[in-house]
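In what follows, a single structure is set out as structure tokens and then discussed.
The values are calculated or read from the model by the stated rules, or taken from the named source; none is laboratory data. Note that this is a predicted model, so its numbers are computed, not measured. When we count neighbours, we look across all protein chains shown, and the Cβ atoms used for this are built from the backbone with ideal geometry, even at glycine.
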Amino acid sequence: MSFLKRTHKVVLLKILSLFSSIRGYNILVIILAQYLTSIYILAPQLPLSKVLFDHNLFILVIASALAIAGGYIINNFYDAEKDVINRPLKSKIDGYVKQRTKLNTYFIFNFLSVVLASYISFKAVLFFSVYIFAIWFYSHKLKRFAFVGNITASVLAVVPFFAVFVYYKNFDLVIFVHATFLFLVIAMRELVKDLENLKGDLAQDYHTIPVTYGVTFSKKMLTILAMLTLVPIFLLITKFKLGYMDFYFYGSIILLIVFCLFLWVSTSKIQYVLLHNFLKFIIVLGVLSIVLIDVQLLLNRIL
């Protein structure tokens, strides 16, 4: 009996380790965001059932999730030594699954992503093949360099949504303004991560912005990025009909001001972790706020 208990514990730890490596919680948020974007922004004229039970959309979303999961695994693989310094607890949890197993899972996820894409079109295969290669190249080389790594990471985080945009052939300006806001907040998050990981980056010779130009310069950049978010926020509030989602963007202004005030008094790793999670909260809140674009549509679909 005790042997079975130990076996179950090992299995659970390995599942937890793999879930941690692929950042399962992030992937769930991305899947939710893709579906909510499809329902409320890209195809609001379609019945809910036609969006939810569209097998092509489902395949695109799952292919994206697999490619992103693979990206987290390869990123985790290259950051293993750095994470021992920056995230000792996470590194310990991730260590329950062998690196070879993770690499095998990485190749399986990428293979399945491309196979699923082949059911959509050859263009989808090319899209995901390029996307998978770009994630690998970022993890292997680009993330070590200031600016290039941050910009690439931010672009890669937004790219999966364009697969859905292309699928619905919806290229309205409002979509690109939304994407610009998301890109800027993600760019802020990536830079805060660099501040959070400064110790490990120095040890592993990563030439990130805080390592190369210093903490004060990084804080100035974050403040500028926060100010730049006011441009898409202003356009979204004044030029487009977003229903009650306007309140989210008004709230974002307040939250980003609070972020900047706390940023300039932050000096420790735990404070940068809190700032990182604060930006995550803004992103997740934005995903959930998509339903506010048309509350009546939401009520009709619930009732």
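Got a sec? Which of I31, I27, I62 is over 25 Å from N197 (Cβ atoms) and under 13 Å from the mean Cα position of the chain (by Cα)?
I31
Is there a residue in region 116-132 that is assigned by TED's automatic domain parsing to the domain that holds N75, closer than 15 Å to Y78 by Cα and buried (at least 20 other Cβ atoms within 10 Å of the Cβ)?
no
What number of residues within region 197-208 are part of a helix (DSSP H, G or I) and surrounded by 23 or more Cβ atoms within 10 Å (Cβ to Cβ)?
1
Given the criteria touching a Ser or Thr at 6+ places or on another chain (Cβ under 8 Å), assigned by TED's automatic domain parsing to the domain that holds Y72 and over 23 Å from N56 (Cβ atoms), does K92 qualify?
no
Kindly list, by first and then second residue, each pair from a residue in region 44-63 that is over 15 Å from S121 (Cα atoms) and not assigned by TED's automatic domain parsing to the domain that holds L242 to a residue that is modelled with pLDDT under 80 and assigned to a helix (DSSP H, G or I), limited to pairs with Cβ atoms under 8 Å and residues at least 6 apart or on different chains.
P44/D294; P44/L297; L48/R301
Checking L228 against (1) surrounded by fewer than 19 Cβ atoms within 10 Å (Cβ to Cβ); (2) farther than 23 Å from G149 by Cα, which single condition isn't satisfied?
Evaluating L228 over (1) surrounded by fewer than 19 Cβ atoms within 10 Å (Cβ to Cβ); (2) farther than 23 Å from G149 by Cα leaves (2) as the failure.
Spot the failing condition for K9; the list is (1) of a type outside the set (S, T, Y); (2) at pLDDT below 80; (3) within 25 Å of I120 (Cα to Cα), and only one is missed.
Every condition holds for K9 apart from (3).
It is to be established whether one or more residues within region 198-205 are at pLDDT 90 or above and either in contact with a Lys or Arg (Cβ under 8 Å, 6 or more places away or on another chain) or farther than 22 Å from D79 by Cβ (or both).
no
Based on this model, can you work out whether L48 counts as at pLDDT below 85, surrounded by fewer than 20 Cβ atoms within 10 Å (Cβ to Cβ) and touching a helix residue (DSSP H, G or I) at 6+ places or on another chain (Cβ under 7 Å)?
Answer is yes for this residue.
Restricting attention to region 147-169, report how many residues are touching a residue at least 60 places away in the same chain (Cβ under 8 Å) and surrounded by fewer than 18 Cβ atoms within 10 Å (Cβ to Cβ).
Qualifying residue count for the region: 2.
Quick one: in region 234-249, which of the residues that are exposed (fewer than 12 other Cβ atoms within 10 Å of the Cβ) and in contact with a helix residue (DSSP H, G or I) (Cβ under 9 Å, 6 or more places away or on another chain) is modelled with the highest pLDDT?
So, considering only residues that are exposed (fewer than 12 other Cβ atoms within 10 Å of the Cβ) and in contact with a helix residue (DSSP H, G or I) (Cβ under 9 Å, 6 or more places away or on another chain), the one modelled with the highest pLDDT is K239.
Restricting attention to region 250-271, and to residues there that are part of a helix (DSSP H, G or I) and among the β-branched types (V, I, T), which single residue is modelled with the lowest pLDDT?
Here the answer is I270.
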